[in-house]
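Heads up: the structure comes next, in structure tokens.
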Amino acid sequence: MEGTIKCSANYVPLSPISFLERSAVVYGNRVSIIYEDVKFTWAETRGRCLKLASALTQLGICRGDVVAALTPNIPAMYELHFGVPMAGAVLCTLNVRHNSAMVSVLLKHSEAKVIFVDYQFLDAAKGALQILSKEGIKLPHLVLISDSDRQLSNVIPGDLEYEPFLATGRPDFEIVWPSDEWDAIALNYTSGTTSSPKGVVYSHRGAYLNSLAAVLLNEMPSMPVYLWTVPMFHCNGWCLTWGVAAQGGTNVCLRNVTAAGIFKSIAGHQVSHMGGAPTVLNMIINAPPSSRRPLPRKVAVMTGGAPPPPQVLFKMEELGFNVTHSYGLTETYGPGTVCTWKPEWNSLSPDEQAKIKSRQGLHHIGMEEVHVKDPASMKSISPDAKTIGEVMFRGNTVMNGYLKNLKATEDAFKGGWFRTGDLAVKHPDGYIELKDRSKDIIISGGENISSIEVESVLFSHPAILEAAVVGKPDDYWGETPCAFVKLKDGNNETADEIIKYCRGRLPHYMSPKTVIFDDLPKTSTGKTQKFVLRQRAKAMGSIPKASKL
């Protein structure tokens, strides 16, 4: 438009680094991080992040280089989320459940120049470096993060240690800001629940927007107290590693997530917000009386991953937690939708409210659109709560693409939308409700069976702690529902009793034909690895309907 000009006065590339810069001034003396007996203020956190960025630069890290991290939710992990991009580099947070073989694969694929390793996972990292060494690949620098000198005994000459490494940096380091807001800020590998991990590239722009969206959908005021039960390595903590900084909040770090630790942290630090997959919610509602403490205030919980069963949501509300359901994928920076609550639903029964809360809702303020479409015709499905289609996203908080995998990127964006592979229906009010992953839908005798619906019924059984349903091959029906169940302590229900319970609440064809009592394999983010269960079900053959593996 005539008379306008784009210049540094009115255009600056968006980056979540700016959140820390502001909070260090506005909230400089307020506590930024709490971890056991360690506390930092926002001014101190900024200073430490600048020194980290400076030390990385002195080590030879340049713009666009990848810096990996294999750590739990500790202060160093939080500092890496700012220090690495301040150096112009890309942070690659690795799943702490990966073994040496997988860590070596990801280090090789990402071409990481440095890896920060917590002492707890040093053996896995060392094993990975040995594998890379045998392949003749140049090894990344290793920086060990430890809580005491005792943990340094396993370090070999040439390795670095986090605090001394930080001390080599300059506190007056000049931040390497992105030249383009589409520049990469993070590299996240998918959890591998359905396939081999892929490297998802996040931009500064997307991280900035999704951080603010996460703050809004969590209804975070200024200075929230956030308990870290979501792994920071998973979608960068659903982007709240940066989002909490935007509000000058306090990050309460937990190395290990336990029910006792959650209740103790909430009571001791006046926690206002937290997050977690349904498995974390399940852990909370089934905590023994000895682990529980009264909540000093209402705690807002954002949940995501697999749709939480209504029964779990209902029990969380009874304990004093206010649950908000979001949905997304690694490719959407974590949360992409939110089930925004409407006042008119307050008059519904608790059971009806829980059912609504288990829906995925609509796109959040940072995402442009979410639709449920026919993947072949790309036409939107009818909002009748029955017709099933594929969930698709479009917006600024969708990944840049998959690292070194152009074909996978093009396939994911075919038709101008990001194709999730998740199947859902749309309700008349526009809210979407997941029915299954496209690979998890069970087709029995030509009928589509949603494993999520069957699991919801199983979770309502008072004796069941965890449940997952997959298709078991069947010569006549093609496949039939097979339930993997973990009972609560002290319960000994039989397969026949559980099947009878389901048949009283579901159409006969949807009820499990087989029940297996066993622990459920999970990713570190709490998602059940259904591909493992499908393999078990396929290998069962003519195994009886009740079994203990």
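The residue of segment 400-426 that is surrounded by the fewest Cβ atoms within 10 Å (Cβ to Cβ), among those that are within 16 Å of THR337 (Cα to Cα) and at pLDDT 95 or above, is ARG419.
Residue check: is LEU533 assigned by TED's automatic domain parsing to the domain that holds PRO462, under 30 Å from TYR327 (Cα atoms) and in a loop (DSSP other than H, G, I, E, B)? Spelling it out, it is not the case that LEU533 is assigned by TED's automatic domain parsing to the domain that holds PRO462, under 30 Å from TYR327 (Cα atoms) and in a loop (DSSP other than H, G, I, E, B).
Scanning segment 284-295 for residues that are surrounded by fewer than 21 Cβ atoms within 10 Å (Cβ to Cβ) and under 26 Å from CYS339 (Cα atoms) gives ILE285, ASN286, LEU295.
Might you check whether a residue that is within 24 Å of LEU52 (Cα to Cα), in contact with a strand residue (DSSP E or B) (Cβ under 7 Å, 6 or more places away or on another chain) and surrounded by 24 or more Cβ atoms within 10 Å (Cβ to Cβ) occurs anywhere in segment 208-222? No, segment 208-222 has no match at all. Taken as a whole, the condition of being over 23 Å from VAL201 (Cα atoms), modelled with pLDDT of 95 or more and more than 26 Å from the chain's Cα centre (by Cα) does not apply to GLN151.
If you check THR397 against the conditions, is it buried (at least 16 other Cβ atoms within 10 Å of the Cβ), among the β-branched types (Val, Ile, Thr) and in the same structural domain as LYS315 (by TED's automatic domain parsing)? So THR397 fails the test. Mind listing whichever residues of segment 464-496 are crowded, with 16+ Cβ neighbours inside 10 Å and part of a loop (DSSP other than H, G, I, E, B)? Scanning segment 464-496 gives TRP477, GLU493. Residues in segment 55-64 that are surrounded by 19 or more Cβ atoms within 10 Å (Cβ to Cβ) and not β-branched (Val, Ile, Thr) were compared, and the one that is nearest to CYS92 (Cα to Cα) is LEU56.
Tell me, yes or no, whether segment 430-443 has at least one residue that is more than 27 Å from GLU497 (Cβ to Cβ), small (Gly, Ala, Ser) and not in a loop (DSSP other than H, G, I, E, B). Within segment 430-443, not a single residue is more than 27 Å from GLU497 (Cβ to Cβ), small (Gly, Ala, Ser) and not in a loop (DSSP other than H, G, I, E, B). Looking at segment 1-30, which of its residues are farther than 29 Å from ALA184 by Cα and touching a Ser or Thr at 6+ places or on another chain (Cβ under 8 Å)? Residues satisfying the conditions are ASN29, ARG30. Sub-8 Å Cβ pairs linking a first residue in segment 435-446 that is closer than 21 Å to GLY361 by Cβ to a second residue that is at pLDDT below 70 and not basic (Lys, Arg), at least 6 apart or interchain, are ARG437/THR194, ordered by first then second residue. The conditions of being in contact with a strand residue (DSSP E or B) (Cβ under 9 Å, 6 or more places away or on another chain), assigned to a strand (DSSP E or B) and closer than 17 Å to ALA385 by Cβ are met by THR337. For the residues MET392, MET367, the requirement of being within 21 Å of the chain's Cα centre (by Cα) and assigned by TED's automatic domain parsing to the domain that holds PHE263 singles out MET367. Scanning segment 72-103 for residues that are under 21 Å from TRP42 (Cβ atoms) and among the β-branched types (Val, Ile, Thr), we see that the one that is farthest from the chain's Cα centre (by Cα) is VAL84. Here ALA376 clears all of (1) over 25 Å from the mean Cα position of the chain (by Cα); (2) touching a residue at least 40 places away in the same chain (Cβ under 8 Å) except the condition numbered (2). In segment 505-526, the residues that are on the phi > 0 side of the Ramachandran plot and among the small types (Gly, Ala, Ser) form Cβ pairs under 8 Å with partners that are at pLDDT 85 or above and buried (at least 19 other Cβ atoms within 10 Å of the Cβ), at six or more places apart or across chains, as follows: GLY526/GLY276; GLY526/VAL280. Filtering segment 252-260 for residues that are surrounded by fewer than 19 Cβ atoms within 10 Å (Cβ to Cβ), in contact (Cβ under 8 Å) with a residue 60 or more places away in the chain and in a loop (DSSP other than H, G, I, E, B) leaves a non-empty set. For segment 1-54, the set of residues classified as surrounded by fewer than 15 Cβ atoms within 10 Å (Cβ to Cβ) and polar (S, T, N, Q) consists of THR4, SER8, ASN10, ASN29, listed by residue number.
Could you please find all residues in segment 49-88 being without any contact (Cβ under 8 Å) to a residue 60 or more places away in the chain and assigned to a loop (DSSP other than H, G, I, E, B)? Passing the criteria: GLY60, ILE61, CYS62, ASP65.
The set of residues in segment 413-436 that are among the charged types (D, E, K, R) and in contact with a strand residue (DSSP E or B) (Cβ under 6 Å, 6 or more places away or on another chain) comprises ARG419, ASP422, LYS426, GLU433, LYS435, ASP436.
Considered as a group, the residues in segment 304-326 that are at pLDDT 90 or above and in a strand (DSSP E or B) include one that is surrounded by the fewest Cβ atoms within 10 Å (Cβ to Cβ), and that residue is ASN322.
Is segment 490-500 home to any residue that is under 28 Å from the mean Cα position of the chain (by Cα) and touching a residue at least 24 places away in the same chain (Cβ under 8 Å)?
Within segment 490-500, the subset under 28 Å from the mean Cα position of the chain (by Cα) is none.
The answer is no, given that none of the residues of segment 490-500 is under 28 Å from the mean Cα position of the chain (by Cα) and touching a residue at least 24 places away in the same chain (Cβ under 8 Å).
Here the strands (runs of 3 or more DSSP E) wholly within segment 163-246 that include at least 1 residues being at pLDDT 95 or above and under 17 Å from VAL84 (Cα atoms) are 184-189, 199-203. Considered as a group, the residues in segment 503-544 that are in contact with a helix residue (DSSP H, G or I) (Cβ under 6 Å, 6 or more places away or on another chain) and more than 17 Å from SER444 (Cα to Cα) include one that is modelled with the lowest pLDDT, and that residue is GLY526.
The values are calculated or read from the model by the stated rules, or taken from the named source; none is laboratory data. Everything quoted here is computed from the prediction, not taken from an experiment. All Cβ positions, glycine included, derive from the backbone under ideal geometry; neighbour counts span all protein chains shown.
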